[in-house]
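So the structure is just underneath, and the comments pick up after that.
The values are calculated or read from the model by the stated rules, or taken from the named source; none is laboratory data. From a predicted model like this one, the values you see are computed outputs, not experimental measurements. Ideal geometry is used to build each Cβ from the backbone, glycine not excepted, and the neighbour counts take in all protein chains shown. Accessible surface areas use protein heavy atoms only, side chains included; no ligands, DNA or RNA. Shrake-Rupley method; radii C 1.70, N 1.55, O 1.52, S 1.80 Å.
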Amino acid sequence: QKKKLLEELGGNSLPYLTPADADFHQLWKTKYSKLIFRKSDTVPEELHQMVQESFLTLREHNCFSQDLVRIKGKDFLTPVSRILIGNPGCTYKYLNTRLFTVPWPTEGYDIKYCSPQIHDACKALMRLNDYLHIEAVKALQGQNLFETKEIKATTVIDREQSFATSPVEQGSVSKDQSSVCVPEDDKSLKSRTSYNLTLLNYMDPLQMLYLKQEPYFGMGNMAVSWHHDENLVERSTVAVYNYSCEGSAIQESHEQELKGRDPAVWHVGLKVAWDIETPGLAVPLHQGDIYLMLDDLNMTHQHCVLAGLSPRFSSTHRVADCSRGTLEYILGQCELALQNLQTDSDSMALKSLEAAVVKQVEEIHNEVEFEWLRQFWFQGKRYLKCTDWWLKPMAQLEEFWRKLEIMTSLVLSEVRKGQQIEEQRNETISCFLLLLKERQKLRKEWTAR
């Protein structure tokens, strides 16, 4: 649709603004007010030093890896290299790839790191996580207070005013933002700002043979294409710490070919989703800057990362939806499935052949194999560069998987005997075959990958 639109416009790009444009701040205020920016000088110097050293340490230990992601049935290698650090046992899934956290030092967990330097790096990022949590709570409280004041102010405005003094001019939040102010308690604020992991990114643009061009606004080279962040708790805040390794060799240029977006400087690009009228934003990112995407901004808007010339790290802190993505969850699912297995000293048997029970067990079987074991080992031994923490849980899951394979064989054996009532037997076979076909298809896909 956007491609068609651009063709109708004669190939011209849609408009976007940078801080050099006169209307930039007004557009930010009305259409992008839930993007909060913090300059580097607002962050404690000690924290800057710890975090930036941690980035360099992880790079020195080759802890960053490009991900092979799957989009519309095809595999692509990400131009950005990544590592996931966070709560022990947490995972984060994006574009059909599940990443497993290198756990940061957490009380009550025995975590052995490959070196003291990696331990210190993970600890520094945990400190940054705590700092960003506090900043996000403050930002949301400020946003709620602002919205409350604006709603009160607009109720007393004379409805016969001219357009020039409309609520937009008064600074109220526009319709593309959440315009209804709902008072929030501390529990709600905490649940949407308690980051359980950070996805670290690294890229050196000068080492890349090709970078995709931003297609709609003509913003230049992209490190990360337009997207919404996936797998997050609804309306949770995303916090990003930027470390672009700017040196004397990288100076801001004055080229006008990109309409004010300096190609030497990294930017975050934003646009309103499914909107072809509102101009986009390109916000420059310098060493140590922070930005927060509050509330529903990640749902109502899309963002991209525009490459500069210097290498760049970022730490993107998220409240990942871990309802189906923690080690505790999948071990619990395995225990649930094995409740249908009767074992004694010399034999195994199924307690029930009811279709619903068989279906549940085989779904868990597929989940263990394709969402956990294959996802983990497909990525090789990358995690061993930091810690061996995941090896024991994976061995445990493999043992569960072997028992689930036995349970599949037992179902086949029992339905062949034909001792069930025909209607029940047909129902069991029907749901069982569907899941076996799905397993066969997925095994072929993973083997091909």
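Per-residue counts of other Cβ atoms within 10 Å, averaged by peptide: what ranking do you get for 43-56, 272-285, highest first?
Going by the mean number of other Cβ atoms within 10 Å, highest first, we get 272-285, 43-56.
Using a 7 Å offset from the Cα along the Cα-to-Cβ direction at both Asn426 and Glu60, what is the distance between the two label points in nm, to one decimal?
Label at Asn426, label at Glu60, 7.0 nm between them.
Given the Cα-Cα distance of Asp296 and Lys29 and 0.36 nm per residue of separation, how much length would full extension add, in nm?
Residue separation times 0.36 nm, minus the Cα-Cα distance, leaves 94.5 nm.
If contacts are Cα pairs under 8 angstrom and at least 6 residues apart, what is the relative contact order of the chain in percent?
20
Among Ser81, Thr97, Gln52, which residue has its Cα furthest toward the positive end of the charge dipole of the range 5-101, with +1 on Lys/Arg Cβ and -1 on Asp/Glu Cβ?
The residue sitting most towards the positive pole is Thr97.
What accessible surface, in Å², does a 1.4 Å probe find on Lys381, ignoring ligands, DNA and RNA and rounding to the nearest 10?
Approximately 150 Å² of Lys381 is accessible to the 1.4 Å probe.
At 1.4 Å probe size, with every protein chain present, just tell me what the per residue accessible area of the range 327-448 comes to in Å².
I get 57 Å² per residue for this part.
In percent, what relative contact order does the range 301-449 have, based on Cα pairs under 8 Å that are 6 or more apart in sequence?
29
If ligands, DNA and RNA are left out, what is the accessible area of Ile111 with a 1.4 Å probe, given in Å² to the nearest 10?
So the heavy atoms of Ile111 present about 30 Å² to solvent.
Can you list residues whose amide H is under 5 Å from Val102's amide H, if they're 5+ apart or on another chain and H is modeled 1.01 Å from N?
HN-HN under 5 Å from Val102: Leu84, Ile85, Gly86.
Could you tell me the distance between the Cα centroids of the range 366-380 and the range 281-310, to the nearest Å?
32
Which order do Trp377, Trp226 take by accessible area at a 1.4 Å probe, largest first?
Order by accessible area, largest first: Trp377, Trp226.
Rounded to whole Å, give me the distance from the Cα center of the range 43-110 to that of the range 417-442.
Centre-to-centre distance over Cα atoms comes out at 41 Å.
With a 1.4 Å probe and every protein chain left in place, work out the accessible area per residue of the range 183-247 in Å², rounded to a whole number.
Accessible surface, normalised per residue, equals 46 Å².
Around Asp67, which amide H atoms from residues at least 5 apart in sequence, or from another chain, sit under 5 Å from its own amide H, with H modelled in the peptide plane?
Close amide H contacts, sequence-distant or interchain: Thr78, Arg82.
Roll a 1.4 angstrom probe over the protein heavy atoms and tell me the percent of accessible area of the chain that is carbon or sulfur.
Answer for the chain is 52 percent, counting heavy atoms of protein chains only.
Expressed in nm to one decimal, what extension gain is obtained for the pair Asp321 and Asp204 from 0.36 nm per residue of sequence separation less their Cα-Cα distance?
39.1 nm
Report, in deg cm²/dmol and to the nearest 500, the calculated mean residue ellipticity at 222 nm for the chain, where each DSSP H run with n ≥ 4 adds -39500 (n - 2.57) and the sum is divided by the residue count.
-12000 deg cm²/dmol
Estimate the FRET efficiency between Ser413 and Ala20 by the formula 1/(1 + (r/R0)^6), using the beta-carbon distance for r and 51 Å for R0, to the nearest 0.05.
With a Förster radius of 51 Å, E is 0.10.
Any idea how far apart Lys93 and Gln396 come out in nm if each label point goes 7 Å out from Cα toward Cβ?
In this crude label model, Lys93 to Gln396 measures out at 2.0 nm.
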